[in-house]
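This report concerns only the one structure given below.
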């Protein structure tokens, strides 16, 4: 996989508004816009930290995967994301190598076009790849 950089690490939170306030007020990170991501049924934000970002994710669908994660594990690390030039190309190449995928095609996400690799292929860590959309 041709990784450009670590794009972000993601944390699941119960209340994104309170969590974002803590990151801003206590740790001094800039406040960032909270968005609804329909493809994942979450409210999320990306907080810039140097060349990387921290993503906060709050589940909105009580039956969705992120809500189940929160219920089982509590507020915790959720996934790591690497930036690549072309998500669809990388997903195709990873599948050829036998990598188990959650997404076989990219979809819109907070970080641009995204795709997820199944944790069973990455030692138990949910891994996302993204190609930011240039505006």
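Values computed for the structure shown
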| quantity | calculated |
| --- | --- |
| Qualifying residue in region 12-34 (condition: within 27 Å of residue 85 (Cβ to Cβ), touching a residue at least 40 places away in the same chain (Cβ under 8 Å), surrounded by fewer than 20 Cβ atoms within 10 Å (Cβ to Cβ) and out of contact with any strand residue (DSSP E or B) (no Cβ under 6 Å at 6 or more places or on another chain)) | no |
| Condition check for residue 81: under 16 Å from residue 114 (Cβ atoms) and touching a helix residue (DSSP H, G or I) at 6+ places or on another chain (Cβ under 6 Å) | no |
| Restricting region 51-85 to residues that are within 14 Å of residue 7 (Cα to Cα) and in a loop (DSSP other than H, G, I, E, B), the residue that is modelled with the lowest pLDDT | 51 |
| Residue 124 out of contact with any helix residue (DSSP H, G or I) (no Cβ under 7 Å at 6 or more places or on another chain) and within 21 Å of residue 37 (Cα to Cα) | no |
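The values are calculated or read from the model by the stated rules, or taken from the named source; none is laboratory data. Values in this document were obtained by computation on a predicted structure and should not be read as measured data. Neighbour counts are summed over all protein chains in view; Cβ atoms, including those assigned to glycine, are modelled from backbone coordinates with ideal geometry.
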